[in-house]
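The values are calculated or read from the model by the stated rules, or taken from the named source; none is laboratory data. No experiment lies behind these values; they were computed from the predicted model shown. A quick note on method: Cβ atoms are made from the backbone with ideal geometry, for glycine too, and the neighbour counts reach across all protein chains shown.
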Amino acid sequence: MRAQTSALARGFTLAAGLTLVLAACGGGGDDDGEKSSAGLSACSQEGKANTCNSAETKAGGSFTYTMEKNIQQWNVQDTNGNTFENGEALGVVLPSVFVPQPDFTVKLNTDLVTSATQTSTSPQTFVYKINPKAKWNDGTAISAEDFIYYWRTNNGKDCPPPPKSDESQTKGCLPQSTAGYDRIKSVKGSDGGKTVTVVMAKSYSDWKQLFGAGYPLYPAHIAMKVGGGKSAATMTGTQMTKSWRYFGKTPPTEYATAGPYLMKEWKDNDHATFMPDPKWWGARKPVLERLIFKVITDATQEPIALRNNEVQGIYPQPEVDLVKQIKDIPNVTYTISNGLNWEHFDLNLHDPVIGKYKELRLAMFTALSVKDIMAKTVGQFDPKVKQLGSHMLVPGQAGYQDVVTATGQGSGNLDKAKKYLTDAKFTGVGSALNTPDGKGVGPFNCRYTTGNQVRQSECQILQSSLAELGIKINIKPIGAADLGTVLAGHQYDIIVFAWVASPFPGSNAQQAWMTGGGGNYGGYSNKKVDSLISQAIEATDSAKAAQLLNQADAVMVKDAYVLPLYQKPTFLAVQNRYVNMRDNATNVGPPYNTAEWGLKK
């Protein structure tokens, strides 16, 4: 999963059964007020998620798309760089084996590999045939070296994470998830490096998330150039660390890439400019003369920029005023979708009080009304939004099960919340809460990304609810670009943000909920949950895997670590003279197919 500031599942094939649900869609500027039946509105038709707004394009033109945060860490595989906007930008220039699609399936990237197949079940073995034409744009062939480097930097062993004493995290690799890579026994090349054979030590059902699915390959030959080493297989941990840090601090204007576009310019906190890469070998050549990703961290400015033709497409978190403004802009088509994005409150278990007292956590979550939150925020423009009852799956995914509602968490039941505290011998309930040993509870901070009105409101509602228990909450916004750092550094007591998932729930769960997972920022640990998720990852039957994830969730919800709020609406608005842009409510977002974007012919 990937943390989304403005607004972490990988190889179950249950994704094939998903459908894109549209809350609203239409075109702006129609005098008769009718909804547009073309463009993005075609997404409302059954089975059209992957093809809506499709049309032939003509050469020329430029397109500017908004990003709602600055990029400060360019290694999207790193915990600190695992943000939605970073993934969007790097996906334009770096390749993945499989690419998540708008209907939540994944598609083989045949520009990179001509095939990716499982050839054995004992031991589980995968063979990737790299496209003979595939090259980094400095002329170096994409080869098994790139796969080996990816595996060794992400398996948690060959480039081990920094010790806890290294607060600056200057040593070792810090992958956003080791899921799958920690189960690989070997990665070897043959046929001049164009065939890659992966042998697993433990079976792994989510194998299609390996080497991409929103977390693309980095060039191993550049890693060896800056870090040292004669091959990806023999690089030392120190050498890999050096290259890992290089990719973190260096925008892809400075090294070889492999995508339909190349990044010509990065202006910090302003924009990235992409131009067609003349060395691109792929089947689809980009037709735009220029593609720009414009950083606009204040969502209220996005409709203004769209109206003034400063940008031609926006992908903000929807808010009621923003949606109303877009409806009034002529020649703009929009869609509101529900995808693999979900909003949640997280507690930091590293805090000595929050981490020690489960009854306190249960009381906090029970005192909060999710219905109240939705009514005052997203429910104002998406009346169909419902409380989310799972940490593992969202409505529309096979196996989704509500394990939260029956517990009372998110119900706003103050009497039940107070009873948790009094039964656990807390004092000062409703006035100034104290622990059973007489220590004050709080004040705690509630953190959200600045400029996000929805999340500010969510923190304010939390503040009011917990005051009824005698807990003081200070609302403390963070810079939109700082979410990754704040999460990885545990710089919060309570935080609200969204996960933007890829279509692989098992690996997602390993990343976010297992002990030591790269997205397990709050320090949650439960051996029973670890065991059930491990079994789910190994299960070859998707129904069995979902059942195991739901069993893990039923255990996890009793620990009151994260409170799911709702499946997060996504909102894409595009000038209707452009085609082949469509919502992709997964971790890759709309830029999953930028080579196809262009002016309508």
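Is there a residue in region 406-429 that is under 30 Å from S507 (Cβ atoms), at pLDDT 95 or above and either among the aromatic types (F, W, Y) or surrounded by fewer than 22 Cβ atoms within 10 Å (Cβ to Cβ) (or both)?
Restricting attention to region 406-429, the residues satisfying the condition of being under 30 Å from S507 (Cβ atoms) are 406-407, 409-410.
Checking which are at pLDDT 95 or above leaves us with 406-407, 409-410.
Narrowing further to those that are either among the aromatic types (F, W, Y) or surrounded by fewer than 22 Cβ atoms within 10 Å (Cβ to Cβ) (or both): 406-407.
Among the residues of region 406-429, at least one is under 30 Å from S507 (Cβ atoms), at pLDDT 95 or above and either among the aromatic types (F, W, Y) or surrounded by fewer than 22 Cβ atoms within 10 Å (Cβ to Cβ) (or both), which makes the answer yes.
Hey, among the residues in region 540-575 that are closer than 17 Å to P395 by Cα, at pLDDT 95 or above and touching a Gly at 6+ places or on another chain (Cβ under 8 Å), which one's surrounded by the fewest Cβ atoms within 10 Å (Cβ to Cβ)?
The selected residue is Q547.
Please state which of the following conditions G470 fails to meet, knowing it meets all the rest: (1) part of a helix (DSSP H, G or I); (2) of a type in the set (G, A, S); (3) surrounded by 20 or more Cβ atoms within 10 Å (Cβ to Cβ).
With respect to (1) part of a helix (DSSP H, G or I); (2) of a type in the set (G, A, S); (3) surrounded by 20 or more Cβ atoms within 10 Å (Cβ to Cβ), G470 is out only on (1).
Would region 528-538 turn up any residue that is surrounded by fewer than 20 Cβ atoms within 10 Å (Cβ to Cβ), at pLDDT 95 or above and either small (G, A, S) or assigned to a loop (DSSP other than H, G, I, E, B) (or both)?
Yes, because at least one residue in region 528-538 is surrounded by fewer than 20 Cβ atoms within 10 Å (Cβ to Cβ), at pLDDT 95 or above and either small (G, A, S) or assigned to a loop (DSSP other than H, G, I, E, B) (or both).
So in region 434-446, with the set limited to residues that are of a type in the set (A, V, I, L, M, F, W, C) and within 15 Å of S464 (Cβ to Cβ), which one is nearest to the chain's Cα centre (by Cα)? Steps first, answer last, please.
Step one: list which residues in region 434-446 are of a type in the set (A, V, I, L, M, F, W, C), which gives 441, 444, 446.
Adding the requirement that they be within 15 Å of S464 (Cβ to Cβ) leaves 444, 446.
Working: F444: 26, C446: 21 Å.
It comes out as C446.
Can you tell me which condition A509 does not meet? The list is (1) buried (at least 23 other Cβ atoms within 10 Å of the Cβ); (2) out of contact with any His (no Cβ under 7 Å at 6 or more places or on another chain); (3) modelled with pLDDT of 95 or more, and all the others hold.
(3)
Quick one: A481 ticks every box in (1) surrounded by fewer than 24 Cβ atoms within 10 Å (Cβ to Cβ); (2) under 17 Å from L347 (Cβ atoms) except a single one, so which number is it?
Result: A481 fails condition (2) only.
Taking only region 184-213 into account, find how many residues are touching a strand residue (DSSP E or B) at 6+ places or on another chain (Cβ under 6 Å), assigned to a loop (DSSP other than H, G, I, E, B) and of a type outside the set (D, E, K, R).
So the answer is 4.
Please determine, by comparing only the residues of region 584-594 that are in contact with a Phe, Trp or Tyr (Cβ under 8 Å, 6 or more places away or on another chain) and either part of a helix (DSSP H, G or I) or modelled with pLDDT of 95 or more (or both), which one is surrounded by the most Cβ atoms within 10 Å (Cβ to Cβ).
T594
Does any residue of region 359-368 turn out to be of a type outside the set (V, I, T), out of contact with any Cys (no Cβ under 8 Å at 6 or more places or on another chain) and not in a helix (DSSP H, G or I)? Reasoning before the result, please.
Looking only at region 359-368, we keep the residues that are of a type outside the set (V, I, T), and these are 359-365, 367-368.
Applying the additional criterion that residues be out of contact with any Cys (no Cβ under 8 Å at 6 or more places or on another chain) yields 359-365, 367-368.
After this cut, where a residue has to be not in a helix (DSSP H, G or I) as well, the list is 368.
Taking every residue of region 359-368 in turn, at least one turns out to be of a type outside the set (V, I, T), out of contact with any Cys (no Cβ under 8 Å at 6 or more places or on another chain) and not in a helix (DSSP H, G or I).
Would you mind finding the one in D191, D111 that is surrounded by fewer than 17 Cβ atoms within 10 Å (Cβ to Cβ), of a type outside the set (S, T, Y) and over 29 Å from A509 (Cβ atoms)? Steps first, answer last, please.
Working: D111 fails: surrounded by fewer than 17 Cβ atoms within 10 Å (Cβ to Cβ).
Just one listed residue meets the conditions, D191.
Looking only at residues in region 371-396 that are assigned to a helix (DSSP H, G or I) and either small (G, A, S) or touching a Pro at 6+ places or on another chain (Cβ under 8 Å) (or both), which one is modelled with the highest pLDDT?
The selected residue is A375.
Given the criterion closer than 25 Å to G228 by Cβ and not β-branched (V, I, T), identify the matching residue among G91, G172.
The conditions single out G172.
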